Amino acid sequence: MIFEEFYKQTLARGIPYWWRPRGLSMAPTIDDGDRVLVAPAAPESLRPGDIAKFRVEGTFVMHRLVRCGRRGDGARTFIFRGDKAPAEDPPVTGDVIIGRAVSVERDGREYRLDSRFERWRGRLKIIERSLIERWLIVFFMVVLTALISIGATAALAHDDKDDYGIKVPTLTVVGTPHVGRHPYGVAIDPRQAIAVVANRNDRTVSVVNLLSSGTLRTISVGRGPIGVAIHSSGIAFVTLAHENAVAVIDPAMRTLIRKIAVGHRPSGIAVGGDLVVVANEGSRSITILNAVTLVPIADLTVGRQPTGVAINPLTRVVAVTDRGDAAVVLVDISRPDYPVFLPPVTLPGGGHGRKYDDRRRGPRPRPVGVAFDYGPGVNQVVVADENRNAVHIVKLNDDSTVNEINSVDVGKRPQAIAVNPGRDWALVTSEKDDVFGLTLSAGEVTSRADVDKRPRGIAIDPESCRAIVTNSKSQSASIIAGPCSVLKIFSLSPSSARVGSSALTLEIIGTGFAANARVTLGTLTLTPTSITPGQIQVTVPASALATLGGLLVMVTNLPAHAGDPALTSNTLSFVVNTDPLTLTNVTPNSSVADGLDLALTLTGQRIKSGAKVYFGPPSVYGCGQEIEVGSLSSTVVHAVVPGIRADVYGIRGTDLTLRGGASCVQIENPDGERSNPLPVTVTNPQPTLSNLFPSAADQGSPTLTMLLNGGGFVGTVAGAQILPSTVVKFNNVPVSAVPNQLQPTVQMVITIPAALLAGPGTFTLSVENAAINGLGGGTASATFTVRTSSSILPTKVITIPDGQPDHVAMVGQRLGAVAVSTQGVVRLLDLSRIDFSKTTPDAGVVLDPPIVVASPRFGATGDIDGDPVAGVFAVALQQDHAVAVVTLNGYDPVTHASCPCVRKLALGLGASPYGVALDVAHDRLVVVNQGLPPGEPTMPFGFVGILPSLSVIQLSSLTEVARIPLYSAFDPDGLLFFAPALVAIDPGLNLAVVMDQGDPYGTNEGGAIVVDLTTGTVAARFAAGTAFFTSGVAVDPVRHLAFVTNALGDPGQTPADDEPYLGSLTRINLNNLAQAPLNVTTNEFPNGVAIDPGLASSKHSAIVLNTQSNDLTAVNVDNPALTVTLPFAASGGNLALDIAWQPDSVMGLLLTGSAIPAELGGNNAFVIGIPPSRLP
């Protein structure tokens, strides 16, 4: 075994190691979950009172040495016993002893176990226990003799009395499903009538059917699952004590969605609305999570040992039991980002009876389990106190302060507690293998149930009034039919019979059935042959099956007392027919999860007009949910499983085809008769990864947000959010992922923790889909580079308070401007305040107030261009079909107010301006009008379209002097899509160069258009050729060269596995338009270019911004073969977008925007320092 090798190599060298024993046999010296330091020790050195670790029958045990002895062959033996164990262990020999326990760690503190004092105390425990046991034997003999003499031997029998001799009703255990090892916490989904059980020592959870008492499935979740809570969407949250995380799972689809890091050793967990609260025992805190976005909201320190947690959904108050401080902490989470601590609840006990001691005498409280009872006029916390063997009922006022506390004595060491809210009933588990029922208003134990060994967790289903108890020592759960005032039928078995059948037994599953219940079948009143609170069996006579038709089944509880009303249940239909409604075939019976609609053809018999079809994971209520029905006949039904239908208005449709899973399909006729179900398997696809945005980061970067593009991603819907079922791993470590809500199968936003970016190297990022019943699923991967910090250009991140900066420009000496398109504003940045020698943000860079140029809306502004010498900039107002010119210096000629001054020029409805370029020396501004295609839905019916054009505007008068068409006509076949976007001017040649993105996936791959501003005509067109998807343009006015970036590069490139596609830069000679362009390879997804014509430094360079790889490509203008890659410190995964450059002989400055939306943290601009020495 691995352990054998470990202990031989570790202990043999005299090196101690930490070990975590399980169980309470050594409590309180060593409690369950404590860490114990085991040191090497020769067996002959052990003395009575020492605690040692040894092996018995393949199991490791840590107990106290009681005494030593000898076998018949003279071999020395050692006899151990746990401090709380009922008997001594069998004798063992020295060869199975591993080492001595020298210290124990609990709640962050370490206590010695090998000191002289501890050894003597251990020996005294042995002597004390021996004396007590001897006297107990004598005592019991005396008592037994006395009982026999008075004929009271019946008092020794285990009857239905509680620990205090009060006779109480016995609750019925209706099932004992087998689960995993050491089941602990449990939670119930009342919509599906299922329970999720955390198996602490199995790394799994078990999903249990409450009505059939069967275990449906087992799901692997991680190490040390303890607590469980279930959201209203059906998504379950499980605390993983050994991973310091919470696992998010979909119990119906058997999938682990993701893990969320929380505090140290999380235990209790609760869901209230869309919030999840986790108690972290090891870090003395609670973590508040958003149950929909799965993002942590707050982390609060709460006492010494927070254990259990409960939420009142009406008051939004959290109750946390603190075992260390003997109190219950109350927190108001009405505003989860600003939680408020309320006065804590001090529990009775632990006092000394002094005059001013408000606590009762007795043992110190040790609260563990907690639950809320709430409803009209009811607001109370119910707490299980394992040290006082009591349950405390804490009534709260309207402001959640304590009104009064009533304590109820229950069995030995109560652990977990559950309440049926508003129904005056609670259940508490006891280590004496009992469960006690309490009537809260009376403060009394009113019922009990025998369950299996060491009950731990408990939960109550408010719909069926069934409870489930986890039995930690017997790998089982006990399902209890509780007292319930709600009389309800859930299902009938069978639900139909053939006409003329003989008598049969009908099983009715429901809740609230009284012992005197009667069953109504049509016009017959039948007496059940068997009744429990949740199940009735009744014989249906042959006479009731002699006639075709539907018979309504109803249960009536007869009055218990004269004058009381009878109680009646809901009704279900029992159908008598010639041939039952039957499904024989479904086509297809398997599919691949793609999020699209799934068309099904169902074949069967006796299908009636108006029949419904149900599809989804099987449950006690049938198959999933109702789906869309098309045409039907008596033998064939055409139905559609709706796919995910998400848009800007929210999520519609279903996620039944967005994720893999085992489902079933079923038909229900209008009379209530249901067919047999047929299985349909939806498998997960093989995922793909096409690219990462970014594909690189810098060593020591903070937490990184990035885009994953690919295909075959699967997910599930939780509330108003799509959650991923595809697991994303960085260097084999799972990371957080959020699907694109509009395209969840092809794009995700992931978050890589800073700890994974601490060192440089090439890492693997993978996406994994689980197989369904051994079918489908798979893995895809790509490489991600963490660059060494020594090569990174000095970079500062500037937070823009208004949102995502789309386009940037230099508008003055060391003065930048960023346009925030969604807000219609421009922010000025004082770049002279940038200090690259500091790592902290620089104050005063973002200037107030913002310059408002348009109303806030999507795409309010387009491109921006500035003249640093004149202090003027222009910005396209795309939605207003106008352009704004802003002067930064001087005074407004109309209002005489100091500038900045904004002037606007309307360009006409449908112009849709986007690109701008200033030529202040020639008093002009050129604007690219993208126009509108024919049939634009925002325009009147029959709209013929507006062709793209180039407006030439006189700056001084702000009047349009020319409008040059860029195309002569729209393509009649609709194959060519015109998308002129950006523009740059060569004033010396009087040319404008327009970048046309075209359709990067159609017949027009984009390119560049050269416009002669003298003649007002198009002088030349350059197709992309080997370039692909043009994305940026700049002009060198000295050498008369134009540069166009191509984001996707050569479409024919075939990179090796895990290698990225590279972009390119196209150089056009404006002096000779007949000369073929020259292409230069850049890095990944270039998205902007800027030029230094050599006026400020001796270097003549073009700088290309590579958005995906988050770096720069510097190209020598005179010799394009000279290129160099310059990484900069892109922080937090904000992809840089657009570029403006102010060269300098010492330190030039680059300004970029962000390609990440503000809601994903993309409200940043980057300022990058470029010394000329780094340029080629």
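Every number in this text was worked out from the coordinates using simple rules, so none of it is lab data. Here the structure is a predicted model, which means the values were calculated and not measured. Virtual Cβ from ideal backbone geometry, glycine too; neighbours counted across all protein chains shown.
Starting with the highest mean, order 231-241, 492-502 by the number of other Cβ atoms within 10 Å, averaged over the residues of each peptide.
On the way: 231-241: 23.5, 492-502: 14.8.
In decreasing order of mean packing, 231-241, 492-502 become 231-241, 492-502.
With unit charges on the beta carbons (Lys and Arg positive, Asp and Glu negative) and the dipole taken about the Cα centre of the chain, which residue among VAL318, GLY437, PHE574 sits farthest to the positive side?
GLY437
Under 20 Å from the 7 Å Cα→Cβ point of THR840, by amide nitrogen: which residues of segment 791-817?
Counting backbone N atoms under 20 Å from the label point, the list is 795-800.
So between ARG121 and ALA442, what do we pick up on full extension, going 0.36 nm a residue minus the alpha carbon distance?
That works out to 111.1 nm of additional length.
Charges only on Cβ, +1 for Lys and Arg, -1 for Asp and Glu: so what's the dipole of segment 277-325 about the Cα centre, in debye to the nearest 20?
That gives a dipole near 40 debye.
Roughly how many nanometres apart are two label points built 7 Å out from the Cα toward the Cβ at THR635 and ASP409?
The modelled label-to-label distance comes out at 7.5 nm.
What distance in nm separates the two pseudo spin-label positions at THR1081 and ALA870, each 7 Å out from Cα along the beta-carbon direction?
So the two model labels end up 4.2 nm from each other.
Pick out, from ASN990, PRO934, GLY99, the residue whose Cα sits farthest towards the positive end of the charge dipole of the chain, with +1 on the Cβ of Lys and Arg and -1 on the Cβ of Asp and Glu.
It is GLY99, whose Cα lies furthest towards the positive end.
Output needed: Cys residues of the chain lacking any neighbouring Cys C-beta below 4.7 Å, sorted by number.
Unpaired cysteines in the chain: CYS68.
How are the C-alpha pair distances of segment 795-1174 spread across 10 Å bins, as whole percents from the shortest bin up?
Using 10 Å bins, I get a P(r) of 5, 24, 35, 26, 8, 1, 0 for segment 795-1174.
Using the beta-carbon distance between SER1145 and ASP1012 and R0 = 22 Å, what value does 1/(1 + (r/R0)^6) give for FRET efficiency, to the nearest 0.05?
For SER1145 and ASP1012, the calculated efficiency is 0.05.
For segment 488-561, compute the orientation-averaged projected area of the C-alpha convex hull (one quarter of its surface), in nm². Walk me through the numbers before you get to the answer.
Details: hull surface 18.5 nm².
Directional mean of the projected Cα hull area for segment 488-561 stands at 4.6 nm².
For helix 2-11, what angle does its Cα long axis make with the longest principal axis of the chain, in degrees from 0 to 90 and rounded to 10?
Approximately 90 degrees, to the nearest ten.
Quote the charge dipole size of segment 582-683 about the Cα centre in Debye, to the nearest 20; the model charges only the Cβ of Lys and Arg (+1) and of Asp and Glu (-1).
140 debye
Using label points projected 7 Å from each Cα along Cα→Cβ, tell me how many nm separate ARG833 and ASP892, to one decimal.
If labels sit at ARG833 and ASP892, their model points lie 2.5 nm apart.
Enter the angle in degrees (range 0 to 90, nearest 10) between the Cα long axis of helix 116-149 and the first principal axis of the Cα atoms of the chain, meaning the one along which they spread out most.
Approximately 40 degrees, to the nearest ten.
Of the listed pairs LYS53/LYS125; LYS473/LYS729; LYS84/LYS395, which have alpha-carbon separations greater than 26 Å here?
LYS473/LYS729; LYS84/LYS395
Computed from these coordinates, which is Rg and Dmax of the Cα atoms in Å: (i) 31.5, 105; (ii) 57.0, 170; (iii) 37.7, 127?
Identified label for the calculated read-out: (iii).
What is the order of PHE60, PHE490, fewest Cβ neighbours within 10 Å to most?
The fewest-first ordering by Cβ neighbours comes to PHE60, PHE490.
Would you work out which of THR29, VAL1080, VAL238 lies farthest towards the positive end of the dipole of the chain? Charges go on Cβ: Lys and Arg +1, Asp and Glu -1.
Positive-end residue among those listed: THR29.
Place a +1 charge on the Cβ of each Lys and Arg in the chain and a -1 charge on the Cβ of each Asp and Glu, then give the dipole magnitude about the Cα centre in debye, rounded to the nearest 20.
Details: 89 positive and 101 negative charges, 1060 e Å.
Here the size comes out at about 5100 debye.
How long is the gain from ALA1019 to ARG181 if the chain were fully straight, where each residue apart is worth 0.36 nm and the alpha carbon distance is subtracted? Please list the in-between numbers first.
Values: separation 838, 0.36 × 838 = 301.68 nm, distance 7.91 nm.
Full extension of this stretch gives 293.8 nm more.
Could you calculate the FRET efficiency of ALA87 with TYR17 from 1/(1 + (r/R0)^6), where r is the beta carbon distance between them and R0 is 41 Å, rounded to 0.05?
For R0 = 41 Å, the calculated efficiency reads 0.90.
Only loop residues by DSSP count here, and only those with at most 15 other Cβ atoms within 10 Å; note down the trypsin sites (Lys or Arg not before Pro) in segment 185-219 that meet that. Can you show the working numbers first?
Details: sites: ARG191, ARG200, ARG203, ARG217; in loops: ARG191, ARG200, ARG203.
Loop-located and lightly packed - ARG191.
Starting from 0.36 nm per residue, how many nanometres of slack lie between ARG35 and ALA771 once their C-alpha separation is accounted for?
Between ARG35 and ALA771, full extension yields 261.2 nm more.
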